[in-house]
Amino acid sequence: MKSDVLIIGAGGAGLVSAIKAHESGVKVRVITKEYPTRAQTTMAQGGINASFGHMSEDSVETHIANTLKSAHGLANEDSVKYLCEEATNAVEWLDSIGVCFSRTADSKIAQRTLGGASAPRACYAQDYTGLKILHTLYDRCLALGIEILNERYLLDFITNTKDNKPYVCGATVLNIRTGEVESYESSSVIIATGGYARIYDKNSTNSTSTTGDGIAAAMRTGARVSDMEFVQFHPTALKNSSVLISESARGAGGYLLNSNGERFTNELAPRDEVARAIDDEMKKGEDIFLDIRHLGEKFIDNELPQERKLAKLYENIDPVTDLIPIKPVAHYTMGGIEVDSTSQTKISGLFAVGECANHRVHGANRLGGNSLLELVVFGKLVGESASTYAKEFSSEIDSTTSHKDSSDFIESIKGIESEVDFYEKRELLGDVFYKNVGIKRDEKSLESALKTIKEIQAQIPRIGLKDKSKIYNTNLTELIEFRNMLELSEAVLVSAIARRESRGAHYREDMPNEDDKYKTHTIVKNTESGIVPDFME
Amino acid sequence: MKIRIKREKIVEYEVDLVDATLLEILTHIKTKQDPSLVFASGCKSSVCGSCSMRVNSKEVLACSYKAKDGDFVEPLKNVPLIRDLVVDMDKAYQFNFKAKTWLSKDSITPVLSQDDEKINEIQSDCILCGSCFSACPVYSVNEEFLGPFSLTRVWKYVSDKRENDSKSKIDNIQTNGIWDCTLCNECTMVCPQNISSKSDIEKLRSKSAMAGYTDPNFGGFGGGFGFDGSPSF
């Protein structure tokens with residue numbers, strides 16, 4: 001049966017929009033390549049910003065000012081204003097559906113300081129904030145009886161044309177369990193598939209599933225994608241495993257130390273600055289550590305229980321008595337699908353929200369605590385906009401061609417003789433990106449990475465499957481994910497090469513200053529000769 | 001080290017990784033030795049609940065278990081097998097729906113103290129990995145048992161000060177619910193988040209007793225016999 005709103009992705013952004021669309025009275029269907037509670041959102045630890053001022057003086061205005069400062073001129077002021085003004089409503093709504101936020105002694109939602117914030121603003125649930133928010137949203141979806149289909153992998157969006165204008169009317173997916181291509185027709189589609197930081201492979205805090213599938217499919221369907229060169233490096237991931245240690249550890253007073261035990265930077269500056277300071281030290285040959293020993297066992301167990309567990313498990317050290325070895329790795333991608341003020345893309349009926357979308361609220365560098373906030377505030381907005389659109393939708397839907405194209409695509413992959421091992425290439429891509437498109441880049445490093453990408457792309461006709469079975473073939477889904485990441489890698493690189501300046505997370509060693517000429521968004525388009533960049537307001 | 005994995009047949013792999021998690025071993029096998037091996041994974045940091053499986057007959061998260069020579073790896077129990085180490089969790093998760101694991105009504109002005117929040121802090125740490133579900137022996141006799149993670153979730157909401165209709169939640173778990181548990185504690189032993197569903201079920205039992213419910217396995221007309229006909233004590 002056709003739905004009114006089809007949502008691809010069941011992380012925080014997908015589930016909030018599902019709840020809001022359902023409440024608008026339309027038929028909602030959610031599709032995920034995993035299960036809802038396995039999404040990247042579970043890994044958000046630090047908190048969600050809202051200027052309640054429960055711990056000390058705070059205001060919406062300072063939240064806006066901090067966000068804009070960190071965005072380095074690339075955020076849209078109206079969008080940021082909307083985000084920050086809606087923040088307290090968003091958190092109160094989460095509280096009303098049962099999120100177990102940590103509390104203060106006077107029974108208010110507790111707040112803590114994250115980098116770049118002038119006040120303790122992040123509401124949290126120990127260091128399990130994302131986990132507890134996502135599970136509560138999932139429970140809310142159960143209460144409302146929202147249909148969620150698990151283990152369906154997005155292939156492409158179904159579009160039809162009217163008066164020479166394309167409009168979306170569903171999506172084709174691979175049912176991972178059966179190996180069959182399925183078409184889901186819908187009056188509107190919301191993309192909520194997350195970011196693309198897994199391009200960096202093991203050099204990322206992200207889940208292995210954060211492969212940017214929705215952004216790549218949106219690009220293929222003709223939607224515009226922007227600001228792809230802005231990739232945030234989280235200053236503190238565990239050195240050996242890239243597992244995230246929350247910024248709240250520094251917010252609570254944790255220090256960054258070099259091999260001599262010396263502090264070398266302001267630990268609570270925005271993430272781009274802290275990551276660069278660490279990078280400078282590491283290039284001098286220093287090992288870098290996070291020190292939270294002085295916070296004491298009681299505090300650590302109360303506020304940072306997950307961090308202690310992760311450090312013990314993956315680094316064999318106890319943060320109560322030991323220094324935590326860390327390094328910065330890719331963590332969050334600011335770029336994404338271009339949307340208007342109703343979260344709609346260039347394609348009618350195709351909406352986007354969460355990390356895959358570019359609502360222009362993070363600009364060149366996202367503030368900690370603003371990503372969970374974004375998915376609630378804009379999830380609500382997009383759920384309502386897509387419902388409004390769907391209610392007025394009256395065009396024909398014909399999914400025959402798209403279904404055939406997707407089936408042919410799967411068959412074509414299965415027909416390729418496997419001469420080149422994509423797992424090896426995936427690792428290569430990650431290492432080249434970490435080294436050449438990392439915390440610092442320059443023209444030479446970027447051009448060299450682009451050359452590598454082009455070489456791998458040229459090998460695609462020889463990259464096939466070693467496992468050709470139908471049922472739950474992850475060799476197949478991982479190959480399609482890899483191909484999506486290759487497409488996005490090119491978009492990141494052409495954007496990074498075109499932006500001949502340094503701004504926020506995009507730091508060019510050959511052009512270390514901001515240049516007003518580039519105080520504008522990088523748009524990339526898919527053309528016959530490849531992906532080309534353009535700048536516009 | 002040698003690792004044996006239960007697939008269609010039991011397959012032995014030799015991997016030279018030191019101090020590695022089982023997930024690292026499985027990823028190594030898939031990307032370097034045998035791409036046809038199938039398992040689920042996600043966060044690699046024990047919070048997404050994807051990579052639960054059994055090692056030497058005990059449930060673990062592959063990402064937080066350090067593999068040892070001779071380990072025998074199997075999929076979870078009590079859930080349909082899809083392929084290799086991947087199981088279908090749909091029906092298991094459906095028990096959350098049946099158990100109504102949500103806040104009944106939106107509360108407009110929730111005021112929770114620090115103590116109120118601590119009541120169900122540990123229950124809200126659940127990652128739905130399904131380890132408890134796999135370890136639970138009740139499923140061999142009652143496939144409709146609401147099960148450990150769903151009942152922990154019910155306790156999470158029943159004990160929440162914002163819940164204003166805990167009575168209907170209690171009413172809903174009397175059949176195929178709290179009284180079907182044998183209190184064997186297997187769920188507690190395998191939980192990666194240190195949650196004890198057994199003790200949550202005990203708390204739900206006392207709450208039920210306060211609401212006037214009695215243990216159907218005791219007294220009554222049927223005599224002192226449990227669901228499987230064996231005497232209950």
Taking first residues from segment A:401-429 that are surrounded by 17 or more Cβ atoms within 10 Å (Cβ to Cβ) and second residues anywhere that are at pLDDT 95 or above and of a type in the set (Ser, Thr, Tyr), the pairs with Cβ under 7 Å that are 6 or more apart or on different chains are A:402/A:172; A:402/A:183; A:403/A:172; A:403/A:183; A:406/A:172; A:423/B:31; A:429/A:489
Checked pairs for segment B:199-212, first β-branched (Val, Ile, Thr), second surrounded by 15 or more Cβ atoms within 10 Å (Cβ to Cβ) and modelled with pLDDT of 95 or more, C-beta under 7 Å and 6 or more apart or across chains, list as B:201/B:151; B:201/B:178; B:201/B:181
So residue A:74, is it crowded, with 20+ Cβ neighbours inside 10 Å, within 19 Å of the chain's Cα centre (by Cα) and either free of Cβ contacts under 8 Å to residues at least 12 places away in the same chain or in a loop (DSSP other than H, G, I, E, B) (or both): yes
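Taking the options B:116, B:19, B:34, name whichever one is within 11 Å of another protein chain (Cβ to nearest Cβ) and without any contact (Cβ under 8 Å) to a residue 24 or more places away in the chain. Please lay out each step first, then the result.
Details: B:116 fails: without any contact (Cβ under 8 Å) to a residue 24 or more places away in the chain; B:19 fails: without any contact (Cβ under 8 Å) to a residue 24 or more places away in the chain.
Unique residue meeting the criteria: B:34.
If you take just the helices (runs of 4 or more DSSP H) that sit entirely in segment B:165-224, which of them hold at least 2 residues that are under 22 Å from the mean Cα position of the chain (by Cα) and closer than 20 Å to residue B:137 by Cα? Steps first, please.
Values: elements: B:166-172, B:186-190, B:197-210.
Helices (runs of 4 or more DSSP H) meeting the threshold: B:186-190, B:197-210.
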Query raised in the report: Mind checking whether some residue in segment A:321-338 is away from chain B (no Cβ under 14 Å), free of Cβ contacts under 8 Å to residues at least 40 places away in the same chain and of a type outside the set (A, V, I, L, M, F, W, C)?
Result: yes
Of those in segment A:477-508 that are closer than 25 Å to residue A:414 by Cα and of a type in the set (Asp, Glu), the residue surrounded by the most Cβ atoms within 10 Å (Cβ to Cβ) is A:481
Filter segment B:81-90 for residues that are in a loop (DSSP other than H, G, I, E, B) and crowded, with 18+ Cβ neighbours inside 10 Å; the one that is nearest to the other protein chains (Cβ to nearest Cβ) is B:89
Any chance residue B:131 is more than 10 Å from every other protein chain (Cβ to nearest Cβ), surrounded by 20 or more Cβ atoms within 10 Å (Cβ to Cβ) and in contact with a helix residue (DSSP H, G or I) (Cβ under 6 Å, 6 or more places away or on another chain)
yes
_Residue under question is residue A:467, and the condition is that it be touching a helix residue (DSSP H, G or I) at 6+ places or on another chain (Cβ under 8 Å), within 14 Å of chain B (Cβ to nearest Cβ) and either more than 28 Å from residue A:224 (Cα to Cα) or surrounded by fewer than 19 Cβ atoms within 10 Å (Cβ to Cβ) (or both); does it hold?_
yes
Assess whether residue A:303 counts as being over 28 Å from residue B:22 (Cβ atoms) and in contact (Cβ under 8 Å) with a residue 60 or more places away in the chain.
yes
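For segment A:80-88, does any single residue satisfy the condition of being part of a strand (DSSP E or B), in contact (Cβ under 8 Å) with a residue 12 or more places away in the chain and either within 14 Å of another protein chain (Cβ to nearest Cβ) or not acidic (Asp, Glu) (or both)? Can you show your working first?
Taking segment A:80-88 first, the residues part of a strand (DSSP E or B) are none.
Looking through segment A:80-88, none of the residues is part of a strand (DSSP E or B), in contact (Cβ under 8 Å) with a residue 12 or more places away in the chain and either within 14 Å of another protein chain (Cβ to nearest Cβ) or not acidic (Asp, Glu) (or both).
Out of curiosity, is residue A:399 among the small types (Gly, Ala, Ser) and away from chain B (no Cβ under 14 Å)?
Working: among the small types (Gly, Ala, Ser): yes; away from chain B (no Cβ under 14 Å): yes.
Judged against the criteria, residue A:399 is a match.
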Report yes if some residue within segment A:99-111 is touching a Pro at 6+ places or on another chain (Cβ under 9 Å) and surrounded by 21 or more Cβ atoms within 10 Å (Cβ to Cβ); otherwise report no.
yes
Selection from segment A:253-284 of residues at positive phi and touching a residue at least 24 places away in the same chain (Cβ under 8 Å) yields A:253
Restricting attention to segment A:114-127, the residues that are surrounded by fewer than 24 Cβ atoms within 10 Å (Cβ to Cβ) and among the hydroxyl-bearing types (Ser, Thr, Tyr) number exactly 1
Of the residues in segment A:31-51 that are part of a loop (DSSP other than H, G, I, E, B) and either free of Cβ contacts under 8 Å to residues at least 24 places away in the same chain or within 14 Å of chain B (Cβ to nearest Cβ) (or both), the one that is nearest to residue A:139 (Cα to Cα) is A:35
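The values are calculated or read from the model by the stated rules, or taken from the named source; none is laboratory data. Since the structure is predicted, the reported quantities are computational estimates derived from the model, not experimental observations. Methodologically, a virtual Cβ is constructed for each residue, glycine included, from the backbone with ideal geometry; neighbour enumeration extends over all protein chains shown.
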